[in-house]
2 protein chains.
Amino acid sequence: MTSLVDRYEGFIIDLDGVIYLLHDLIPGSAGVINHMQEAGIPFIFLTNNSSATPRMYVDRLRKHGIEIGPGNIVSPPAVIKRNLEMGWTGGREGAGGTAFVVGEEGLIRQIEEAGLELVSGEEAKRAEYVFVGWDRNLTYEKLKTAVVAIRNGARYIATNTDATYPTPEGLWPGAGSIVAAVTCGSGREPEVAGKPNPQIVELALERMGVEARSALLVGDRLDTDIAAGLAAGVDTLLVLTGVSSALEAEETGISPTHIRDDLGALLDP
Amino acid sequence: MTSLVDRYEGFIIDLDGVIYLLHDLIPGSAGVINHMQEAGIPFIFLTNNSSATPRMYVDRLRKHGIEIGPGNIVSPPAVIKRNLEMGWTGGREGAGGTAFVVGEEGLIRQIEEAGLELVSGEEAKRAEYVFVGWDRNLTYEKLKTAVVAIRNGARYIATNTDATYPTPEGLWPGAGSIVAAVTCGSGREPEVAGKPNPQIVELALERMGVEARSALLVGDRLDTDIAAGLAAGVDTLLVLTGVSSALEAEETGISPTHIRDDLGALLDP
């Protein structure tokens, strides 16, 4: 039987829980990427983790023996940046405006590049946008500023709502955990840029020049990866090296096209 | 017509949004307390805010011209302390054990006084209890430790789930906002010690020696104050100096016995 890697024209692959767990490469994953590069098969790493810039992901993957360019990376800030450039408006005069960010460098950089002015302190309480992502430097002060700004009318945009972040020592709180605090305090639900929003999958398809029906999305989470693939109309592969189990796939009714132990199984005959 | 203050034998009164807003006394509230003291009417300040110890509340109220003793204060840590002393066990051998706290001094002190050992760092990830309350020194690190410990089996107890904390500059994220982050990251719901848990109202009634049917609970929040009063079978007064509005009382169906503009109205004929 044909291996999965030969049955699709392009691959959209999650990073955390599929390629690596925090600092540890998952065995077999580098081999698959090397195979795709040798065979000239297009692929995009699609991550909901907004803590790093594409350039930082390139460096991180190089250490694992995977050589790619920043164009191979799509994350929620890219969707946010494009939506801002295409004229997302905050429902206020003079949009473009000011933003308060709860997040790390990857998110902050792309919001600056999209032309928004980052504000802090008192000014942030009147920001036009509040962006919330994974932030290992979260403080109560940041949480408070975000809540006050949203209650004052800021547009509230989350990178993603992954409840947890998989690491070798277990699950840490993900962006979704921080978003839950802001949502509770502000009484408002965010617009979500990352998976399961199909927009981010569409951006990855565009980048590869591959149509939805010819692509496979690979991920470890049903509620984000697989749900995004279903919404965008691409086939999906759930791998069991991260958050979700095969049993959960049955129970939740979010059904991937394929289930395999790990990414390496793409090469299995 | 008789004033409300003459129609009950004891009063259970919320602090934030009823007596003061952050640092500002709400006009008329000190006069009501002084009247009760002169008339020998028993009262308890019942707050879901666990950031301060009873002694700290005494000092804070003195600055507002209200002289009380620590016995006049009941907050979630008192319920937690009593439950621990009465043999709450963590479902593990050797309960009594270790605790990780996301919270401020008021919570930390009473957990120590109840005989639990506070742990941090690596040890905290194996704590037997995780307590979560309002914490203006919240960090991602604390959130992570709480989530990992709960996922490792710790008993998860929240002081309260008030989404917001009323201040003169608007609503800040309350303990509920922090609890939402921990709940999202851990995938577990907490046991809640504070209002709307009727246990805390019962503790206040005991302390005053007044029966439920002869007491009035005064608060500014429907979902905590008024709900706790209803659950404990005491009459309730919603005042409009804090979070909830009279319209919300109609919409939510959490119906207080009385609605007045402020605490001062207790003295109105």
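Throughout, read-outs are computed from the coordinates displayed, never taken from laboratory work. Not measured: the values here are computed from a predicted model. Cβ coordinates were reconstructed from backbone atoms using ideal geometry, including for glycine residues, and neighbour counts include every protein chain displayed.
So the label point sits 7 Å from Cα along the Cα-to-Cβ vector; using that for A:H258, what distances do you get to the other copies, in nanometres, sorted shortest first?
7.1
Compute the FRET efficiency between B:E122 and A:S120 as 1/(1 + (r/R0)^6), taking r as their Cβ-Cβ distance and R0 = 30 Å, and round to the nearest 0.05.
On the way: r = 33 Å, r/R0 = 1.10.
Computed FRET efficiency for B:E122 and A:S120 comes out at 0.35.
Angle between the Cα long axis of helix A:54-63 and the longest principal axis of chain A, 0 to 90 degrees, nearest 10?
Tilt of helix A:54-63: around 40 degrees.
If you put a point 7 Å past Cα along the Cβ direction, how far is that point for A:E105 from the same point in each other copy, in nm, smallest first?
Copy-to-copy label distances for A:E105: 3.8 nm.
Net charge within 11 Å of A:D135 by Cβ-Cβ distance, Lys/Arg positive one each and Asp/Glu negative one each, not counting A:D135 itself?
Working: positive: A:R136, A:K142; negative: A:E104, A:E105.
Counting the neighbours of A:D135, the net charge comes to 0.
What are the nm distances, shortest first, from A:Q37 to its equivalents in the other copies, labels at 7 Å along Cα→Cβ?
Counterpart label points of A:Q37 in the remaining copies fall at 7.6 nm.
What do you get for GluC sites (Glu not before Pro) in region A:164-241 restricted to DSSP loop and a cutoff of at most 12 other Cβ within 10 Å of the site's Cβ? Display every interim value, and only then the final one.
On the way: sites: A:E169, A:E191, A:E202, A:E206, A:E211; in loops: A:E169, A:E211.
Listed in order of number, the matching sites are A:E169, A:E211.
Determine the distance separating the Cα centre of region B:253-269 from the Cα centre of region B:33-71; give it in Å without decimals.
20
If you place +1 on the Cβ of every Lys and Arg and -1 on the Cβ of every Asp and Glu, how big does the dipole about the Cα centre of chain A come out, in debye to the nearest 20? Intermediate values should be presented prior to the final figure.
Values: 22 positive and 37 negative charges, 148 e Å.
Charge dipole of chain A: 700 debye, to the nearest 20.
Quote the FRET efficiency, to the nearest 0.05, computed for A:L267 versus A:T167 with a Förster distance R0 of 35 Å and r equal to the Cβ-Cβ distance.
On the way: r = 26 Å, r/R0 = 0.75.
Computed FRET efficiency for A:L267 and A:T167: 0.85.
Please determine, in degrees from 0 to 90 and to the nearest 10, the orientation of helix B:29-39 with respect to the longest principal axis defined by the Cα atoms of chain B, where the helix direction is its Cα long axis.
Rounded to the nearest ten degrees, it is 70.
Check B:G10: other-chain or 5+ apart residues with amide H under 5 Å from its amide H, H built from backbone geometry?
Counting only residues 5 or more places away or on other chains, the set is B:L216.
Place a point 7 Å from Cα of B:M56 in the direction of its Cβ. Which residues in region B:96-118 have their backbone N less than 11 Å from it?
Correct set: B:103-110.
Enumerate the amide H contacts of A:G17 below 5 Å, restricted to partners 5 or more residues apart or on another chain; note that Pro and chain-start residues carry no placed amide H.
A:L22
Amide H to amide H under 5 Å from A:D262: which residues, 5+ apart in sequence or cross-chain, H placed 1.01 Å off N in plane?
A:L240
What is the angle, in °, between the Cα long axis of helix B:76-85 and the longest principal axis of the Cα atoms in chain B? Nearest 10 is fine, range 0 to 90.
60
With unit charges on the beta carbon (Lys/Arg positive, Asp/Glu negative), name the residue among A:I73, A:S29, A:A193 whose Cα is farthest towards the positive pole of the charge dipole of chain A.
A:A193
Can you tell me which lysines have their Cα less than 19 Å from the Cα of A:K142? Leave out same-chain residues fewer than eight positions away.
List returned: A:K125, B:K142, B:K144.
Quick one: 3J(HN,Hα) in Hz for region A:138-143, Karplus 6.51/-1.76/1.60 with θ = phi - 60°, rounded, Gly and Pro as x.
Per-residue couplings from phi come out as 4, 9, 4, 4, 5, 4 Hz.
For B:K195, go through the lysines and keep the ones whose alpha-carbon is under 22 Å away, minus same-chain ones fewer than eight residues off.
Correct list for B:K195: B:K81.
Using alpha carbons only, how many angstrom separate the centre of region A:160-231 from the centre of region B:158-215?
32
I'd like the FRET efficiency for B:H258 and B:K63, computed as 1/(1 + (r/R0)^6) with the beta carbon distance as r and R0 of 30 Å, rounded to 0.05.
Working: r = 29 Å, r/R0 = 0.98.
Given R0 = 30 Å and the Cβ-Cβ separation, E is 0.55.
Please give the net charge around A:G174, taking every other residue with its beta carbon less than 14 angstrom from that of A:G174, where Lys and Arg add +1 and Asp and Glu add -1. The partial results should precede the final answer.
On the way: positive: A:R136, A:K195, A:R221, B:K144, B:R151; negative: A:D14, A:D16, A:E104, A:D135, A:D162, A:D220, A:D223, A:D225.
It works out to a net charge of -3.
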